[in-house]
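The structure that follows is given in the form of structure tokens.
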Amino acid sequence: MPFFDISIVGAGISGLSAALVLEKFQLKTVLLEKSKNFSYQGAGIQLGPNGTHALFKMDLLQKVYRESFIPEYLRVYDLKGNKPLSQIPLGKTILKKYKFPYLTILRSDLHKILEEELIKKNKTILIKNSKITSIKNDKNYITLFDENGKNYKSQALIGCDGIWSNIKQLTFKKPTPKISDSTAFRTKIKNPPCNKSNKLKGVTVWLSNNCHIVAYPISKGNEINIVVVTKQTFDNNNFGWSYPCKLNDFRYLLGKNLNKEISMILEQTTHWFRWPLFFYNPIKNINEMTSNSIVLMGDAAHPMKPHLAQGACMALEDSLQLMYELKKNKLNKEPDWNNIFYSLSRKRIKRVQKVQQKSITNGRIFQLNGILRILRNFSIKLFGRYLLDQKWLFKNFS
Ligand SMILES: Cc1cc2nc3c(=O)[nH]c(=O)nc-3n(C[C@H](O)[C@H](O)[C@H](O)COP(=O)(O)OP(=O)(O)OC[C@H]3O[C@@H](n4cnc5c(N)ncnc54)[C@H](O)[C@@H]3O)c2cc1C
């Protein structure tokens, strides 16, 4: 194997977007991925204007846009009410306000676009079926060893290996996150959900106590992605996203007299997948993200709960910041990786910390009980238009 400028472990949204950035700087990159093939499972993601801004800067937005849906609104209900507590327009209004669109897309479509772009450019060496199990750090280079007995040498390393990151454990001696008391369920159905109903055209959230539901169109509006988060644990936990289960596993937690729209949506399928949510402590120090010529990006650096819909957006922002740092370093003959990674982490830490914290807080607010539920609903009715529009997140990106 040749000696690489840089190796990336993990070819998710984070690793692929980072590799596409490195290609712009003619760096010899190897991207190591443990899966033999990517399984294109059907989960949707929302890309706020900060995520689409990052895609635009990396010359990827046009392709993503073609596969996306533009939601018209964000609406919030109490699970027992048929009238929204509050709503804000998305679509053209968000585009006008933040200059970049709010999109929804199948995660697998976004992943496929990034992978195809990488293959088309044919510069990065992408090696699948290569699970990295150990690292040796010599003075001037890093050696990665995979499960098949192969090794790869490079000057620097980016760990993009997701929430259960091996690179994080091996380099930063961090324990893996712990399973929390919450479980997420997902499915997708066709849009409109049945002949009698209208098409769902926006992001819709139903709040309750001990559970909440989020649904929005994906696949250019032809399907609906549904995620239900409940305060519930299961013994036979599966760490992937695709443990098959049934509506009845959580239906009893939703209670009776449900909002008509979600009630009809839930009736369309009994096939669900579940996975446990996890605890994490928001990142505190730069040295939890970088050490000399090694840096973590995406979920490996800053895992987050899905309640602010920002995990992939933050991974894309990390890659954009990498691009800015490499541009700054361009005057140097050789990349000064220690400096590049330190500066990258310094620029990112406060923002990802805030997003991690807000995601935890949102999860709590979405599932308040008793009098707190009533107060929450009242506040959303009064201030929803300000609370739902995340100006701090969508406006202040670099
Ligand atoms: C229910 C739910 C809803 C979400 N909704 C949104 C949303 O609306 N908007 C949003 O922005 N984000 C959302 N997210 C978050 C988003 O999907 C993730 O944050 C994002 O995909 C993380 O990307 P990543 O590349 O960092 O990690 P991953 O996607 O986990 O990729 C890590 C890669 O590393 C590989 N790997 C792992 N270990 C090794 C190893 N030892 N050697 C080699 N390869 C390895 C894995 O196979 C994988 O391909 C959601 C997440 C969930 C669970």
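Over the chain, what is the percentage of antiparallel beta bridges among all DSSP beta bridges, to the nearest 5?
70
Using Cα pairs under 8 angstrom and six or more residues apart, how large is the relative contact order of the chain, in percent?
22
Near the amide H of Lys34, under 5 Å away, which other amide H atoms are found, from residues 5 or more places off or on another chain, if H is placed in the peptide plane?
Amide H to amide H, under 5 Å and 5 or more residues apart or across chains, Lys34 pairs with Gly10, Ala11, Ser130.
What FRET efficiency, computed as 1/(1 + (r/R0)^6) with R0 = 35 Å and r the Cβ-Cβ distance, is obtained for Asn37 and Leu382, rounded to the nearest 0.05?
Here the calculated transfer efficiency is 0.10.
While we're here: Give me Rg over Rh for the range 237-343, both radii from the alpha carbons and Rh done the Kirkwood way, two decimal places.
My calculation of the ratio gives 1.19.
Per the Kirkwood treatment, what hydrodynamic radius in Å, one decimal, follows for the range 112-196 from the mean inverse distance over all distinct Cα pairs?
Evaluated on the range 112-196, it is 16.8 Å.
Amide H of Phe279: which non-local residues (sequence gap of 5 or more, or other chain) have their own amide H closer than 5 Å, using H built in the peptide plane?
Under 5 Å from the amide H of Phe279 lie the amide H atoms of Lys178, Ile179, Ser180, each far enough along the sequence or on another chain.
To make sure I understand, if each residue's beta carbon is the centre and we count other beta carbons within 10 Å, what order do Phe185, Phe172, Phe383 fall in, fewest to most?
Exposure proxy ranking, most exposed first: Phe383, Phe172, Phe185.
Quick check on packing: order 315-324, 353-362 by the mean number of other C-beta atoms within 10 Å, highest mean leading.
315-324, 353-362
I've got another one for you. Points 7 angstrom from Cα along the Cβ direction at Asp138 and Asn151: gap in nanometres?
Placing both labels 7 Å beyond Cα along the Cβ direction yields 0.8 nm.
Tell me, what does the Kirkwood hydrodynamic radius of the chain come to in angstroms if you use every pair of distinct C-alpha atoms?
Kirkwood hydrodynamic radius for the chain: 21.9 Å.
Follow-up. For helix 107-121, report the angle its Cα long axis makes with the longest principal axis of the Cα atoms of the chain; keep it between 0 and 90° and round to the nearest 10°.
Once rounded, one gets 30 degrees.
How much length would be gained if the chain were fully extended between Lys96 and Ser197, taking 0.36 nm per residue of separation minus their Cα-Cα distance, in nm to one decimal?
Taking 0.36 nm per residue and subtracting the Cα distance, the gain is 33.3 nm.
Let me ask another. Longer than 27 Å from Cα to Cα, which of Lys24/Lys220; Lys112/Lys330; Lys36/Lys123; Lys97/Lys123; Lys139/Lys305 are they? Say none if no pair is.
Lys24/Lys220; Lys112/Lys330; Lys97/Lys123; Lys139/Lys305
With N denoting the number of residues in the range 1-48, provide Rg(C-alpha) divided by 2.2 N^0.38 Å, to two decimal places.
Compared with the compact-globule rule of thumb, the range 1-48 sits at 1.36.
I would also like to ask the following. Return one number: the angle in degrees, 0 to 90 and rounded to the nearest 10, between the long axis of the Cα atoms of helix 311-329 and the longest principal axis of the Cα atoms of the chain.
The angle comes out at about 30 degrees.
Taking only Cα atoms, what is the 0 to 90° angle, nearest 10, from helix 13-23's long axis to the longest principal axis of the chain?
40
Taken together, the values in this text are just the output of simple stated rules run on the coordinates, not laboratory data. Note that the structure is predicted; figures quoted are calculated from it, not measured. Note that each Cβ is placed from the backbone with ideal geometry, even for glycine, and that neighbours are counted across all protein chains shown.
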